[in-house]
Amino acid sequence: MNNPAPLKGHAPARSHRLDCEIAVVGAGIIGVCTALELQAAGHDVWLLDRKGVAEECSFGNAGHIAVEHIFPLSSPATLLEVPKMLMAPNGPLSIRMLYLPRLMPWLMRFLWAGRPAQVARATAAIASLNAHALLAFRSLHQRFGLGDLLHEDGTLVVYEAEKNLAGAKHEQQALAAFDVETELMDAPALKAFDPALNPSLRGALRFPHSAHVTDPARLVRKLAGHFVRLGGHIEKQAVLGIEPCRARTVLTTDRGRVRTEKLVIAAGAWSHQLMRMLGHKVPLETERGYHLMLEGPNAQPRVPTTFFERRFVATPMDGGLRLAGRVELGGLKLPAKGRHAHALLPLGQDLLPGLGAKATTPWMGFRPTLPDSLPVMGAVPNHDGIYAAFGHNHMGLTHGAITGALMRDLVTGEKPALDLTPYRLNRF
């Protein structure tokens, strides 16, 4: 798998004993947006990450600001599909058998989260975040300038089977209840909208008010660059220990000790390890996601397009076409399986006739996922001045900007724009 280059212009570590007002651990989209918002509110902020800016899931996601994705992963309908997905050759879901014993407690919680009442609560909580997500990105754009990275062209979900297209009508109704605008397209309308797609497709559901980013890593690094230029510091340090003290928290890192008045844990799929240092056992798992980057493709969709039956997405990017998908449950330590990424190419060729590329690059990253599909956002119980913002699963990019704004208000003592009760840490 590829190793992206670090952001140029990182502030170098000044010493092995650092003091700051607020430390944010994790330099993905969630951590960077949180640090930038806290800095904009007038605070001295340090950003720490064991690998650097946008080196994990924020590097290789599908680029969607998917405000239409309001339904949790666990639901009665999804659970009925799981056996078929697991048994399909090169299917969209796989479990590493070596990891299954360790995974079982999380799977039980995931099943329990699929109860209708819990699905309804989770849907409302996700929809609440989504309703503010794009507005928050526009605010970042206005203040810091995202250039040509943000595109508000909408997205598509396309269907190969007539019965699934008919099912999209029911989804339209469910989405309309949360003011998500959609447009159902039949085959002729879809062909007129995007001639590059396979003409055998039966139709599509269009989301005209969704958006995408044409280079997720560059977006995060651009925001991090603003953070540094405005006086922030980015440290490449791994946090090995957290010691809450009376007025400060002391972080032990692989380079020394960092003393901070307040701490925000936004370390994605590694956040549960940090929470364990504070006495909290969080049921956080990783959905290992894969992409295949096609350099110089000779065909690509007009807008980001999800292929419903094949369960993958094709997103036009600055560097080519990104085919992204797959969920592999296998933890943080097992090696990636490159075949999962390469299996996306024949799927793409089926649905984008004639698709080819000069070169392909596989990648795998770790989506941090809690059983109920909701992130953790809030104060850490029993530890004054320590906060958590992690577990955004497939929605990290979508919720990056709004999470930063919400955490800014929470940490600085202001009232957040949304009720954060559904995202509290002690809900488990």
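Considering each of F312, F308 in turn, give the residue that is over 20 Å from E152 (Cβ atoms), of a type in the set (F, W, Y), out of contact with any Lys or Arg (no Cβ under 9 Å at 6 or more places or on another chain) and surrounded by fewer than 24 Cβ atoms within 10 Å (Cβ to Cβ).
Going through F312, F308 in turn, just one is over 20 Å from E152 (Cβ atoms), of a type in the set (F, W, Y), out of contact with any Lys or Arg (no Cβ under 9 Å at 6 or more places or on another chain) and surrounded by fewer than 24 Cβ atoms within 10 Å (Cβ to Cβ): F308.
Each row is one residue, and each column tells you yes or no for (1) assigned by TED's automatic domain parsing to the domain that holds G26; (2) among the acidic types (D, E); (3) closer than 30 Å to R143 by Cα; (4) surrounded by 15 or more Cβ atoms within 10 Å (Cβ to Cβ).
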{"position": "R221", "(1), (2), (3), (4)": "yes, no, yes, yes"}
{"position": "A224", "(1), (2), (3), (4)": "yes, no, yes, yes"}
{"position": "H233", "(1), (2), (3), (4)": "yes, no, yes, yes"}
{"position": "V239", "(1), (2), (3), (4)": "yes, no, no, yes"}
{"position": "A247", "(1), (2), (3), (4)": "yes, no, no, no"}
{"position": "D254", "(1), (2), (3), (4)": "yes, yes, no, no"}
{"position": "E261", "(1), (2), (3), (4)": "yes, yes, yes, yes"}
{"position": "A267", "(1), (2), (3), (4)": "yes, no, yes, yes"}
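For region 344-371, name all the residues that are farther than 19 Å from R302 by Cβ and out of contact with any Leu (no Cβ under 9 Å at 6 or more places or on another chain).
P346, M364, G365, R367
Filter region 391-408 down to residues that are hydrophobic (A, V, I, L, M, F, W, C) and under 12 Å from the mean Cα position of the chain (by Cα) and give me whichever is farthest from L149 (Cα to Cα).
M395
For region 164-230, give me every one of the strands (runs of 3 or more DSSP E) that falls completely inside it and has 3 or more residues that are touching a residue at least 40 places away in the same chain (Cβ under 8 Å), of a type outside the set (A, V, I, L, M) and at positive phi.
Per the criteria, no element qualifies.
Scan region 238-253 and report the pairs whose first residue is more than 17 Å from V264 (Cβ to Cβ) and whose second residue is assigned to a loop (DSSP other than H, G, I, E, B), with Cβ atoms within less than 7 Å and a gap of 6+ or a chain change.
L240/D254
Considering each residue of region 41-87, count those that are surrounded by fewer than 18 Cβ atoms within 10 Å (Cβ to Cβ) and of a type in the set (A, V, I, L, M), and give that number.
Start the filter on region 41-87 by keeping residues that are surrounded by fewer than 18 Cβ atoms within 10 Å (Cβ to Cβ), which leaves 41-42, 44, 51, 76-87.
From what's left, of a type in the set (A, V, I, L, M): 41, 77, 79-80, 82, 85-87.
Residues that pass the stated criteria total 8.
Table: residues versus (1) among the hydroxyl-bearing types (S, T, Y); (2) under 20 Å from I30 (Cβ atoms); (3) assigned by TED's automatic domain parsing to the domain that holds E261; (4) within 21 Å of the chain's Cα centre (by Cα).
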{"residue": "L321", "(1), (2), (3), (4)": "no, no, no, yes"}
{"residue": "G330", "(1), (2), (3), (4)": "no, no, no, yes"}
{"residue": "Q349", "(1), (2), (3), (4)": "no, no, no, no"}
{"residue": "L352", "(1), (2), (3), (4)": "no, no, no, no"}
{"residue": "L355", "(1), (2), (3), (4)": "no, no, no, no"}
{"residue": "T361", "(1), (2), (3), (4)": "yes, no, no, yes"}
{"residue": "G378", "(1), (2), (3), (4)": "no, yes, yes, yes"}
{"residue": "G385", "(1), (2), (3), (4)": "no, yes, yes, no"}
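Residue by residue, here is whether (1) modelled with pLDDT under 95; (2) more than 28 Å from Q349 (Cβ to Cβ); (3) aromatic (F, W, Y) holds:
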residue	(1), (2), (3)
H151	no, no, no
Y159	no, no, yes
A174	no, yes, no
F193	no, no, yes
S200	no, no, no
G203	no, no, no
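Given the options T412, T421, name the one that is hydroxyl-bearing (S, T, Y), within 19 Å of V25 (Cα to Cα) and over 14 Å from the mean Cα position of the chain (by Cα).
One residue alone meets the criteria, T412.
The values are calculated or read from the model by the stated rules, or taken from the named source; none is laboratory data. As the structure is a computational prediction, the values presented were derived from the model and not from experiment. Here the Cβ is made from the backbone with ideal geometry for all residues, glycine too, and neighbour counts use every protein chain on show.
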